[in-house]
1. Rank by packing, highest mean first: peptides 34-40, 58-64, 77-83, with packing defined as the count of other Cβ atoms within 10 Å averaged across residues.
2. Non-local amide H neighbours of VAL49 (under 5 Å, H modeled in plane, Pro and chain starts lacking H): which ones?
3. For region 55-64, what does the Karplus curve 6.51 cos²θ - 1.76 cosθ + 1.60, with θ = phi - 60°, yield as ³J(HN,Hα) per residue in whole Hz, taken in order and with x for Gly and Pro?
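Just so it is clear, none of the values below were taken in a lab; they were calculated from the coordinates. The structure displayed is predicted, hence computed values, not measured ones. Glycine also receives a Cβ, built like all others from the backbone with ideal geometry; neighbour counts cover every protein chain displayed.
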Amino acid sequence: MLRLIIYLSVLVNVFSSILNAYTGTNYAADCSEAVVQAAIDNALDGYLVIVPQGSATWTSQLNINSKEITIKGAGVDQTVIMD
């Protein structure tokens, strides 16, 4: 029984850490440069910015402004950004 309590305690701590790592999520409606930049602009530190499946050509760099965020696409060959 004690082992079960310890395991459950560890699981609660792990899930709490995961939830604290991502306090929010912003979803870009598409992968265009302007839409992704808007999702980044609206993100706070710790946010996850999701870029959907698709492709786009960007002509400038994104401005992240030293935010501690994660930008994540839909996967390999699913979200394709060209410069």
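1. Numbers: 34-40: 17.6, 58-64: 10.9, 77-83: 12.4.
In decreasing order of mean packing, 34-40, 58-64, 77-83 become 34-40, 77-83, 58-64.
2. Close amide H contacts, sequence-distant or interchain: ASN26, THR70, ILE71, LYS72.
3. 9, 7, 10, 9, 10, 8, 7, 6, 10, 8
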